[in-house]
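Have a look at the structure below, then the notes.
The values are calculated or read from the model by the stated rules, or taken from the named source; none is laboratory data. Note that the structure is a prediction, hence the values are computed from the model and not measured. Methodologically, a virtual Cβ is constructed for each residue, glycine included, from the backbone with ideal geometry; neighbour enumeration extends over all protein chains shown. Areas reflect the complete protein model, heavy atoms only, side chains present, ligands, DNA and RNA absent. Shrake-Rupley method; radii C 1.70, N 1.55, O 1.52, S 1.80 Å.
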Amino acid sequence: MATLDEKLAELNKRYAAALSGRVIELEGFLSAYESTGSATDLEKLYKNAHAVAGSARTFGLPEVTVKAKELELAARDRADTEILQRKLSALKDCISS
């Protein structure tokens with residue numbers, strides 16, 4: 001039977017693997033927003049970046065938390081799409097390193 005530490009390590013591993021999928025979702029929301037200018041797409045970007053920031057904090061990934069929070073706040077403040085792209089790129093770089 002797996003120990004608690006082993007189970008937590010497995011959960012962390014699964015979360016880290018799922019992050020790339022979450023980033024793909026964020027890219028889709030940003031792309032949709034760039035195409036349509038829809039407040040709904042921007043809200044999806046905001047809410048999902050918020051979710052990534054919170055879950056990354058739970059899993060002990062402070063750098064991912066900070067970058068996701070920066071994207072979240074930029075979306076909330078309706079930043080220019082160029083700024084949103086830079087924030088998303090910084091998040092991607094953080095995750096891939």
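Filter the range 55-97 down to the residues that are of a type in the set (Ser, Thr, Tyr) and assigned to a helix (DSSP H, G or I), then identify the one that is nearest to Thr40 (Cα to Cα). The selected residue is Thr81.
Entry remark, the range 56-97: residues being surrounded by fewer than 22 Cβ atoms within 10 Å (Cβ to Cβ), in contact (Cβ under 8 Å) with a residue 40 or more places away in the chain and more than 20 Å from Lys13 (Cβ to Cβ) number 2 in total. Cβ-Cβ contacts under 6 Å between residues 6 or more apart (or on different chains), taken from a first residue in the range 3-26 that is on the phi < 0 side of the Ramachandran plot to a second residue that is among the β-branched types (Val, Ile, Thr), are listed as Leu19/Ile95; Arg22/Val52.
Just a yes or no: is a residue in the range 16-24 farther than 13 Å from Ile95 by Cβ and open to solvent by 40 Å² or more (accessible area, probe 1.4 Å)? No - not one qualifying residue is present in the range 16-24. When the range 79-97 is limited to residues that are modelled with pLDDT under 95 and among the hydroxyl-bearing types (Ser, Thr, Tyr), the one that is nearest to Leu30 (Cα to Cα) turns out to be Ser96. For Ala49, the criteria (1) in a helix (DSSP H, G or I); (2) without any contact (Cβ under 8 Å) to a residue 12 or more places away in the chain; (3) open to solvent by less than 40 Å² (accessible area, probe 1.4 Å); (4) not β-branched (Val, Ile, Thr) hold in every case but one, which is (2).
Scanning the range 69-78 turns up at least one residue that is of a type in the set (Asp, Glu) and either at pLDDT below 95 or under 12 Å from the mean Cα position of the chain (by Cα) (or both).
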